Amino acid sequence: MQQSDPLAPERTRTALSVDTKKTSHSSAARVIPIVQMSASEAEVARQMQICNACRYCEGFCAVFPAMTRRLEFGKADVNYLANLCHNCGACYHACQYAPPHEFGVNVPKAMAEVRLETYTEYAFPASFGALYKRNGLTLSVALAAGLALFLLLGTVLHGGLSSDVAPANFYAIFPHNLLAAMFGAVFLLAILALGLGVRRFWRDVSAGTASASAPAVAEAARNALTLKYLDGGHGDGCNEESDAFTLVRRRFHHLTFYGFMLCFAATAVATFYHYAFGLEAPYPFLSVPVLLGTAGGIGLIAGPAGLLWLNLKRVPERGDARQRPMDRGFIALLLLTSASGLALLGLRTTSAMPSLLAIHLGIVMALFATLPYGKFAHGIFRSAALLKSSIEKRQRNTLSLGSD
Ligand code: SF4
Ligand code: SF4
């Protein structure tokens with residue numbers, strides 16, 4: 001095995017060209033292309049070699065068991081491990097080699113820096129990803145404001161702001177088919193961009209991985225939906241600003257995710273009502289779409305507000321400061337979406353409805369358009385990494401050195 005100096009973070013390394021260890025599903029040697037690593041990737045590889053000798057954090061999350069299956073860390077391994085990391089902070093707070101120790105081990109920070117590169121590298125098209133990561137908050141708010149203004153102008157030009165619009169009659173302002181075409185197109189483009197990006201990521205990181213079995217898929221889905229690895233490995237949660245464990249980050253993530261899914265379900269049910277039963281909005285307050293949307297909107301206020309609070313007081317050494325605009329941009333869009341949606345629901349029978357509708361639609365459009373180029377991508381890439389982890393742990397560990 002090629003040895004490398006774990007105290008040389010600045011040195012750029014390359015992946016092994018050939019892994020001659022046999023996998024459980026194939027007797028052929030696994031050929032890994034020689035790929036130049038960035039400084040951030042080389043730093044993760046350096047730290048993983050130290051962690052691989054230490055292994056104190058083996059029970060904290062999926063990263064360390066995956067690490068023990070490797071002796072060297074190439075570019076694909078590093079990208080995989082970085083997206084498997086949930087940035088819970090447990091290993092940083094536990095580490096005896098964290099700065100000011102000369103080993104300078106800070107796994108959450110090193111992984112976060114590589115994740116940002118992953119999003120940029122795999123974004124489709126790549127130039128969009130780079131732009132958003134430089135100007136996350138500015139771009140999100142500017143895009144939301146611009147789209148809201150555009151829709152507001154369109155409304156004014158077509159007389160939609162006149163006071164004789166029937167109460168809560170959204171489709172008198174924007175025809176249903178126009179909205180379905182606009183939002184359907186942007187949403188499908190966002191899904192396509194995310195899908196193409198994660199497909200390229202999967203192709204790069206899944207070399208030597210067996211096909212996904214049903215149990216592996218089920219386990220990965222469960223781990224993703226429950227955010228298993230935000231429990232610190234012991235169930236008491238992450239570290240935020242101190243060594244104390246807390247589950248607040250997991251709770252706020254759940255409120256955000258399930259709030260988003262409830263809003264999505266509300267839209268799906270409303271679409272079904274429209275096309276299947278000819279039932280057009282507005283729907284009564286106690287109808288299924290409005291109840292789902294209200295519950296989702298409340299979740300999308302509470303969750304992102306909590307995540308913003310945690311983001312503002314986060315220990316700076318533990319993360320990647322370059323990602324703050326991206327994080328806050330996405331959180332701001334979620335908060336604006338839910339706040340404008342709930343305001344529209346509450347004021348839908350008043351003269352403010354046309355303006356609020358235009359503003360809400362503009363913000364939702366901005367959210368959809370930026371989904372593949374911001375923080376939302378982490379959920380997709382992390383799910384792919386969790387799937388690889390669940391597949392890999394079912395394969396025989398040919399090293400037989402770790403406890404996995
Ligand atoms: S983070 Fe520190 S304590 Fe944990 S395995 Fe790595 S070197 Fe050991
Ligand atoms: S920060 Fe948390 S999830 Fe990431 S490697 Fe450390 S213990 Fe694992």
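Listed values, structure above:
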read-out: Rounded FRET efficiency, nearest 0.05, which uses the C-beta distance separating residue 322 from residue 243 and R0 of 30 Å; value: 0.70
read-out: Entries in 109/228; 75/313; 228/388 that, when Cα-Cα distance is taken, lie over 22 Å; value: 75/313
read-out: Label-to-label distance, nm, for residues given as residue 398 and residue 54 (7 Å Cα→Cβ offset); value: 2.9
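Each reported figure results from applying straightforward, stated rules to the coordinates on display, with no laboratory input. Remember, it's a predicted structure, so these values are computed and weren't measured experimentally. Glycine also receives a Cβ, built like all others from the backbone with ideal geometry; neighbour counts cover every protein chain displayed.
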